[in-house]
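Participant: One structure is given below, represented as structure tokens, and several questions about it will come after.
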Amino acid sequence: MMNCFQEKAAIVTGGTRGIGRAVAELLLGNGASVLITGRNEEAGNKAVEHLRGTYDAPVFFFKGDMGEESVCVNVADKAKELFGKVDYLVNNAFPFTAKYLDAKRSDWEHVMSAGPIAYATMIKEYVRVHGAKRPGAVVNVSSISQYIAQPHRWTYNTAKGAVGQLTKCAAMDLAPYIRVNSVSPAAVWTDECDRDHEDPFFERYHMIARVIESEEVAAPILFLLSDYASAITSTDLRVDGGYLSMGVEGWKVERPLKGSD
């Protein structure tokens, strides 16, 4: 797919682990230069050490909390300084703050500031360094949680819902030059996902009968960044293993009701 990434440059927030790390690896493997961000300096340095030992394309780490506006500004400036340009932005870093009646105002402020507000700020800074009238692409990592209600997740699901609206509004205002899309995964094997769940749990809620791997989300993200998706904008791509297509019965579960003649 991916010779279109040669001599391109990208920012991937939250790129030290999980989906962000998988996106960075795929971009680097296809020739793009990448700046990843994260809050943990040790994790960031280890990630860069591994990536530089594996890929030929340039990769760097920027330490910072994306919930801080100054960090967003500095990340964009650093990428422009390192690469001379920034072709792509992948907004991935997002707090998994899952609370409901127990949510304090500070919890709401945190999940919104480090979530959709950080995404919006990074898009603004990306446009500043990239230019509003040059072809480019942004992908926001959302979630199936933007579409459904889940127990005890007012904060997280509301924030992911905001990502859906942000994606559509940004796509409209940045058209026709910059495309803005999102992906919505279901359960993905990251350190936020409990690998101790028994397989029947995942078999019931994913048609593919297993949890999604980070690499399986990274590939659709690269597709949306690439020239192969040149006519796709303001779209959410559900990378959910069939999760959202099912009702409460799930998949391959014995049902007491049967049809009749």
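The values are calculated or read from the model by the stated rules, or taken from the named source; none is laboratory data. For clarity, every value in this text was computed on a predicted model and none was experimentally measured. We place every Cβ from the backbone using ideal geometry, glycine too, and count neighbours over all the protein chains shown.
Participant: Restricting attention to region 29-62, report how many residues are outside any loop (DSSP other than H, G, I, E, B), touching a strand residue (DSSP E or B) at 6+ places or on another chain (Cβ under 8 Å) and farther than 22 Å from Lys8 by Cα. Spell out how you get there, then give the answer.
Facilitator: Going through region 29-62, the residues outside any loop (DSSP other than H, G, I, E, B) turn out to be 29, 33-38, 41-54, 59-62.
When the remaining residues are screened for being touching a strand residue (DSSP E or B) at 6+ places or on another chain (Cβ under 8 Å), the result is 33-38, 41, 44-45, 47-48, 51-52, 59-62.
Checking the rest, the ones that are also farther than 22 Å from Lys8 by Cα come to 41, 45.
Residues in region 29-62 being outside any loop (DSSP other than H, G, I, E, B), touching a strand residue (DSSP E or B) at 6+ places or on another chain (Cβ under 8 Å) and farther than 22 Å from Lys8 by Cα: 2 in total.
Participant: Taking the stated definitions as given, is Thr121 farther than 21 Å from Asp173 by Cα and buried (at least 17 other Cβ atoms within 10 Å of the Cβ)?
Facilitator: No: the conditions fail for Thr121.
Participant: Can you name the residue in region 77-123 that is touching a helix residue (DSSP H, G or I) at 6+ places or on another chain (Cβ under 8 Å) and of a type in the set (D, E, K, R) and is also nearest to Val180 (Cα to Cα) among such residues?
Facilitator: The extreme case among them is Asp87.
Participant: Let me ask something additional. Filter region 7-46 down to residues that are touching a Ser or Thr at 6+ places or on another chain (Cβ under 8 Å), of a type in the set (A, V, I, L, M) and more than 21 Å from Asp77 (Cβ to Cβ), then give me how many there are.
Facilitator: Number of matching residues: 4.
Participant: Answer yes or no: is there a residue in region 61-71 that is in contact with a Leu (Cβ under 7 Å, 6 or more places away or on another chain) and in contact (Cβ under 8 Å) with a residue 12 or more places away in the chain. Steps first, please.
Facilitator: Pass one, region 61-71, residues in contact with a Leu (Cβ under 7 Å, 6 or more places away or on another chain): 62.
With the extra rule that they be in contact (Cβ under 8 Å) with a residue 12 or more places away in the chain, the set shrinks to 62.
Scanning region 61-71, I find at least one residue that is in contact with a Leu (Cβ under 7 Å, 6 or more places away or on another chain) and in contact (Cβ under 8 Å) with a residue 12 or more places away in the chain, so the answer is yes.
Participant: Oh, and also: Given the structure, is Val217 β-branched (Val, Ile, Thr), modelled with pLDDT of 85 or more and within 16 Å of Val141 (Cβ to Cβ)? Break it down stepwise before answering.
Facilitator: Details: β-branched (Val, Ile, Thr): yes; modelled with pLDDT of 85 or more: yes; within 16 Å of Val141 (Cβ to Cβ): yes.
Considered against the rule, which asks whether it is β-branched (Val, Ile, Thr), modelled with pLDDT of 85 or more and within 16 Å of Val141 (Cβ to Cβ), Val217 comes out as yes.
Participant: Okay, next question. Report, ordered by the first and then the second residue, all pairs with beta carbons closer than 8 Å, sequence separation of six or more or different chains, a first member in region 17-43 that is closer than 18 Å to Gly67 by Cβ, and a second member that is among the acidic types (Asp, Glu) and surrounded by 24 or more Cβ atoms within 10 Å (Cβ to Cβ).
Facilitator: none
Participant: Pick from region 63-84 the residues that are assigned to a helix (DSSP H, G or I) and touching a His at 6+ places or on another chain (Cβ under 9 Å): which of them is surrounded by the fewest Cβ atoms within 10 Å (Cβ to Cβ)?
Facilitator: Within region 63-84, the match that is surrounded by the fewest Cβ atoms within 10 Å (Cβ to Cβ) is Lys80.
Participant: May I ask you to list pairs of residues, at least six apart or on different chains, whose Cβ atoms are under 6 Å apart, with the first in region 202-216 being among the aromatic types (Phe, Trp, Tyr) and the second being modelled with pLDDT under 90?
Facilitator: Filtered contacts from region 202-216: Phe202/Arg210; Phe202/Val211; Tyr205/Gly250.
Participant: Which count do you get for residues in region 226-243 that are at pLDDT 95 or above, touching a helix residue (DSSP H, G or I) at 6+ places or on another chain (Cβ under 7 Å) and either part of a loop (DSSP other than H, G, I, E, B) or under 16 Å from Tyr147 (Cβ atoms) (or both)?
Facilitator: Total satisfying the criteria: 9.
Participant: Filtering region 142-164 down to residues that are among the aromatic types (Phe, Trp, Tyr) and either without any contact (Cβ under 8 Å) to a residue 40 or more places away in the chain or assigned to a helix (DSSP H, G or I) (or both), which residue is farthest from Asp236 (Cα to Cα)?
Facilitator: Trp154
Participant: On the given criteria, is Ala186 crowded, with 20+ Cβ neighbours inside 10 Å and farther than 16 Å from Ser234 by Cβ? If you could, list the steps in order and put the result at the bottom.
Facilitator: On the way: crowded, with 20+ Cβ neighbours inside 10 Å: yes; farther than 16 Å from Ser234 by Cβ: yes.
The answer is yes for Ala186.
Participant: Out of curiosity, is Ser113 without any contact (Cβ under 8 Å) to a residue 40 or more places away in the chain, in a helix (DSSP H, G or I) and more than 23 Å from Phe83 (Cβ to Cβ)?
Facilitator: On the way: without any contact (Cβ under 8 Å) to a residue 40 or more places away in the chain: no; in a helix (DSSP H, G or I): yes; more than 23 Å from Phe83 (Cβ to Cβ): yes.
Considered against the rule, which asks whether it is without any contact (Cβ under 8 Å) to a residue 40 or more places away in the chain, in a helix (DSSP H, G or I) and more than 23 Å from Phe83 (Cβ to Cβ), Ser113 comes out as no.
Participant: Quick test of your reading of the structure: Glu49 fulfils all but one of (1) under 25 Å from Leu166 (Cβ atoms); (2) without any contact (Cβ under 8 Å) to a residue 12 or more places away in the chain. Name the failing condition by number.
Facilitator: Going through (1) under 25 Å from Leu166 (Cβ atoms); (2) without any contact (Cβ under 8 Å) to a residue 12 or more places away in the chain one by one, Glu49 breaks only (1).
Participant: So which residues in region 29-59 are buried (at least 18 other Cβ atoms within 10 Å of the Cβ) and not hydroxyl-bearing (Ser, Thr, Tyr), if there are any at all?
Facilitator: Taking region 29-59 and keeping what is buried (at least 18 other Cβ atoms within 10 Å of the Cβ), we get 30, 32-38, 44, 47-48, 51, 55, 57, 59.
Scanning region 29-59 gives Asn30, Ala32, Val34, Leu35, Ile36, Gly38, Gly44, Ala47, Val48, Leu51, Ala57, Val59.
Participant: Okay, moving on. Enumerate the pairs (first residue in region 228-250 and under 14 Å from Val188 (Cβ atoms) and touching a residue at least 24 places away in the same chain (Cβ under 8 Å); second residue anywhere and in a helix (DSSP H, G or I) and of a type in the set (Asp, Glu)) with beta-carbon separation below 8 Å, excluding pairs fewer than 6 apart on the same chain, so at least 6 apart or on different chains.
Facilitator: Close Cβ pairs (under 8 Å, with a partner that is in a helix (DSSP H, G or I) and of a type in the set (Asp, Glu)) amount to Val239/Glu216.
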